[in-house]
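Worksheet for the structure shown next.
Nothing in this text is a laboratory measurement; each read-out follows from the coordinates by a stated rule. Values in this document were obtained by computation on a predicted structure and should not be read as measured data. So basically every Cβ, Gly included, is an ideal-geometry build from the backbone, and we count neighbours across all protein chains shown.
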Amino acid sequence: MSIQKDLLELLANGLISEEQAKNIQVYYQSNKKSHTNTLTMIFAAIGAVLIGLALILILAHNWDNMHQYSKIGIAFLPLLLSHVLTGFTLWRKSDQPLWKETSAIFLFFSLGACMALIAQIYHIQDSGGSFFLTWAALSIPVIYVLRSSAMSILCILCISYFNNMVYGFDSSDNYKDFIYYLYLAAILPHYLYLIKEKSTSNITFIHHWVVAISLLVCTATLANTAAYTLFLLYMALFTFFYSLGKSHYFNKTPSWANAFSIVSQAGIFIILIILSFDNVWEGISREYDIEKIVFSIEFLMTLIYAVLFLFFYITNQVFKAEHLLDFFLIITPFAFIFIMNVKYPSFFINLLTFALGLMVIVRSIRQESLASLNFGLLMISILILCRFFDTEMSYLIRGLVFALLGIAFFVTNYFMIRKFNKDAQ
């Protein structure tokens, strides 16, 4: 152990005391143990999945030759074993996360396999996605019994699959639009527990990304009455994401793990770029109906996300006028342009996008963030590039514009790096 040799050398030279050496050794041992447990948990989960798949393939080879009662017994056998393992874990291994997570994964897949096999044996048809809803409903309580984060992720993936692949864009059953949110609300307490108690854990970081991507993808299925209102709905969702990502709950979260902040900034910019084209607004204006918008499910969810983002904004930020052109409150001018159906909407969206890019650049200079600075420059560059497709410009002018943008990138990065080096001295 290299740290042991270093400690002995430091002790020999009198640089640290024996008590300090013991504390350092305990610290490194605890960190190494935590890292080892995490790796073991990951490989155990992968091993459980592979063993389950192997059993399914082996059984499938001789499935048609088996008696019906044998099939039923085989269907329930993995579920029975998973319950025995879960009971043993709760009885003797309740303080070991590895056992709890492995038991939860085994139970989740054995439950799904049992349900699928019974449906196949008795030829039970499932056209409404009740299989996935039942699977998730039976699995969610295990999250709280075992305090299993792996089960939480699997349940979110399960209901997300149901919402997009099974239910999808079926507008005939509007009540199903909210089934996904009800199931997600049942998982939310465990997610909040992770944010509060394990804010710096890798499993919490994974949850951030899973929840953000799940909401991002599943929101599209709300397009029923007025599909073009999804632009407004997604803008409200991304604004909520941004306010959430900037709240005190994510103070200890690394920038790469703050999925809400990353997804929101990219999403807001993409929506603005899409709506900066005239032909997109021409398509919206042909179907535009303010009454349909106001009484649509999309608008209802927009209001819900607007209330949520206002809550996080008010509780974590002090209002500034510049926020109206920043990610915090950009939905305010955007909603005015969209709902009021103003003349030349693409022109105002272009101005809004340009102002947002400038705000990002100014903020990055204040915060001395090189990544944020380049993101702001990239926003303005892409906006100018998009205007090449719907304006008449000569190749000479386009070349000069690109050259100026390139120079701007080099100059701003040079001075920012120079400033960082100067401050570091």
Fewest-first ordering of E322, E298 by Cβ atoms within 10 Å yields E322, E298
Just report the Cα centroid separation between region 278-307 and region 368-388, whole Å. 28 Å
Among Y234, Q265, F409, whose Cα projects farthest towards the positive end of the dipole of region 228-425, with charges put on the beta-carbon of Lys, Arg (+1) and Asp, Glu (-1)? F409
Can you list the residues of region 296-317 with backbone N under 15 Å from a point 7 Å past the Cα of A220, pointing along Cα to Cβ? none
If you take every residue apart from H190 with its C-beta less than 12 Å away from the C-beta of H190, what net charge results, scoring Lys and Arg +1 and Asp and Glu -1? +2
For a footprinting-style exposure proxy, rank D95, D289 by other Cβ within 10 Å, fewest first. D95, D289
Just want the ordering: T253, T239, T332, from fewest to most Cβ atoms lying within 10 Å of their own Cβ. T332, T253, T239
Which semi-axis lengths, in whole Å and largest first, follow from the square roots of five times the eigenvalues of the Cα gyration tensor of region 228-425? 30, 26, 11
Mind checking the dipole of region 228-425: about its Cα centre, +1 per Lys or Arg Cβ, -1 per Asp or Glu Cβ, Debye to the nearest 20? 760 debye
Which net charge results when you count Lys and Arg as +1 and Asp and Glu as -1 among the other residues whose beta-carbon is under 14 Å from that of L272? 0
Checking the table K22/K93; K320/K343; K246/K292; K292/K320 against a 32 Å threshold on Cα-Cα, which pairs fail? K246/K292; K292/K320
